[in-house]
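Student: My questions will all concern the structure given below.
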Amino acid sequence: MVKRKDDVTLQEEALASQIPEFTETPQEEVHVPEKISSRILNRNQVDEEEMADFEKRTNATGLGENIFAKAEARDGWIAIDRRLLGERDFYYPEDWQFLVRPATVEVVRNWSMLDETNGNSIDDVFNEILKYCLSIKSNTGVKTWQSINNWDRFFFVLLIREYTFVQGESKVEFFEECPYCEAEVKFNLDCQALMYDLPDDEVKRYYDRENRVWVIDPADFEIPAERALYLYNPTVEKDANIKAWLIAEYQENNKKKFDPVFIKFLPWLCAKISKDVPSARVQIRKAEMTFKSWDTEMFSFMNDVLKNISVTPSTNISAICPACGEEAVTRLRFPDGVGALFNVVNRRKKFGTK
Ligand SMILES: [Zn+2]
């Protein structure tokens with residue numbers, strides 16, 4: 001492994017884990033639950049009857065009780081009810097079907113190699129889990145697991161985790177006081193507790209669901225432009241290939257410096273970025289030419305667009321208060337570290353103290 005620092009490490013970490021914990025400075029240890037902000041999505045409301053009907057029709061499953069009822073089928077792939085994605089479901093074509101299976105021994109073995117202080121290590125281990133345990137089917141065939149939007153990566157990791165520990169072993173929970181009625185609220189870190197800052201409804205009409213692309217004509221906003229702009233969802237695949245390109249550029253071009261603003265736009269500007277570095281270079285150079293052609297007005301417009309169409313994972317998670325029924329929110333954290341997520345050791349008697 002070549003030792004790299006500075007720019008490229010920062011870029012990699014920015015592309016790495018979608019867990020905000022590792023990209024933000026840790027906050028103070030006192031956690032006061034906050035009232036929910038109006039822009040943050042509420043928990044996904046799934047109609048129980050509708051859910052039961054869906055399961056009957058598709059043999060798919062939701063979470064918790066439903067998965068438990070199908071525990072005997074755990075070894076195989078199981079179709080996931082897309083409504084678990086909440087509003088983020090909109091950012092996938094309608095014919096996609098997500099399938100998960102429990103983490104295998106190999107995956108758990110790799111998990112034990114996790115270096116929690118290193119964003120890249122977390123990145124690798126998360127990808128490893130998804131590689132083995134997530135599959136996507138569509139009308140045109142199987143899609144790579146890397147086709148998921150990068151903001152959903154942690155969601156799918158948690159989903160697989162819940163499926164792996166069907167009986168609720170290894171829960172990540174903590175308790176806090178409800179900000180509305182002061183009752184005790186249990187926060188359980190599961191895929192339904194995650195929160196996201198989402199695009200407003202009024203901009204959604206610019207999104208082409210089938211092709212996973214935002215089509216925006218600057219002329220509609222009084223900005224002279226010859227043609228409409230196409231902005232493609234950032235995927236786990238593009239992130240990985242951008243990372244490979246960054247490393248290659250850095251190593252081959254005398255510790256090349258990267259423009260972080262361009263890197264932020266890059267995944268949106270390319271429909272695809274090749275795994276093959278020479279091809280990626282051509283694609284990225286084209287995107288860079290577009291990026292550099294923007295004048296101040298255009299750049300400022302594009303910056304607004306990106307702010308409005310991005311799905312941003314929140315640093316908070318939510319839970320419903322059992323006493324007053326309100327939604328309480330607290331900061332996402334891992335009381336026993338990220339390593340505890342797939343930790344199976346605590347199910348048996350511990351050997352030694354280390
Ligand atoms: Zn309450």
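Student: Taking the Cα of N188, stepping 7 Å toward and past its beta carbon, and measuring to each backbone N in region 129-166: which are under 12 Å?
Tutor: 162-163, 166
Student: Taking a threshold of 31 Å on the Cα-Cα distance, which of the pairs K137/K264; K257/K354; K143/K286; K256/K307; K131/K264; K171/K204 fall above it? Could the numbers behind the result be given before it?
Tutor: On the way: K137/K264 29 Å; K257/K354 42 Å; K143/K286 26 Å; K256/K307 28 Å; K131/K264 25 Å; K171/K204 36 Å.
Pairs exceeding 31 Å: K257/K354; K171/K204.
Student: Taking amide H atoms as placed 1.01 Å from N in the peptide plane, list the residues 5 or more away in sequence, or in a different chain, whose amide H sits under 5 Å from that of L229.
Tutor: When sequence neighbours closer than 5 places are left aside, the close amide H contacts are I216, D217.
Student: Okay, next question. Once both labels are modelled 7 Å past Cα along the beta-carbon direction, what's the R83-A228 spacing in nm?
Tutor: 3.2 nm
Student: For region 126-239, what is the Kirkwood estimate of the hydrodynamic radius, computed as the reciprocal of the mean inverse distance between distinct Cα atoms, to one decimal in Å?
Tutor: This gives a value of 17.7 Å.
Student: Moving to a separate point now. Order by neighbour count: R285, R333, fewest other Cβ atoms within 10 Å first, most last. Don't skip to the answer; put the middle values down first.
Tutor: Details: R285 9, R333 18.
Lowest to highest Cβ neighbour count: R285, R333.
Student: What is the distance, in nm, between label points placed 7 Å from the Cα along the Cα-to-Cβ direction at D295 and at N253?
Tutor: The two pseudo-label positions are separated by 2.7 nm.
Student: If I model a spin label at D276 and S121 as a point 7 Å from the Cα along the Cα→Cβ vector, what separation in nanometres do I get?
Tutor: 3.5 nm
Student: Okay, next question. Using packing as a proxy for protection, rank 187-200, 110-123 so that the peptide with the highest average count of other Cβ atoms within 10 Å comes first. Write out the running numbers ahead of the final one.
Tutor: Values: 187-200: 19.6, 110-123: 16.4.
By packing density, highest mean first, the sequence is 187-200, 110-123.
Student: Alpha carbon centre of region 135-193 versus region 252-266: separation in Å?
Tutor: Result: 33 Å between the Cα centres.
Student: If N is the number of residues in region 201-309, what value comes out of its Cα radius of gyration divided by 2.2 N^0.38 Å?
Tutor: Numbers: Rg = 14.7 Å, N = 109, 2.2 N^0.38 = 13.1 Å.
Taking N as the residue count of region 201-309, the ratio is 1.12.
Student: Only Lys, Arg, Asp and Glu count, each charged at its Cβ (+1, +1, -1, -1), so figure out the dipole size of region 220-263 about its Cα centre, rounded to 20 debye. Mind showing how you got there, number by number?
Tutor: On the way: 6 positive and 8 negative charges, 63 e Å.
Dipole size: approximately 300 debye.
Student: If you don't mind, there's one more thing I want to ask. Which of F265, F90 has the fewest other C-beta atoms within 10 Å, and how do the rest follow up to the most? Please report the intermediate quantities before stating the final value.
Tutor: Details: F265 20, F90 14.
Fewest-to-most ranking of F265, F90: F90, F265.
Student: If packing is taken as the average count of other Cβ atoms within 10 Å, what order do 206-215, 154-163 fall into, highest mean first?
Tutor: Details: 206-215: 15.4, 154-163: 22.1.
Final packing ranking: 154-163, 206-215.
No lab work stands behind these numbers, since they all come straight from the coordinates. Note that the structure is a prediction, hence the values are computed from the model and not measured. A quick note on method: Cβ atoms are made from the backbone with ideal geometry, for glycine too, and the neighbour counts reach across all protein chains shown.
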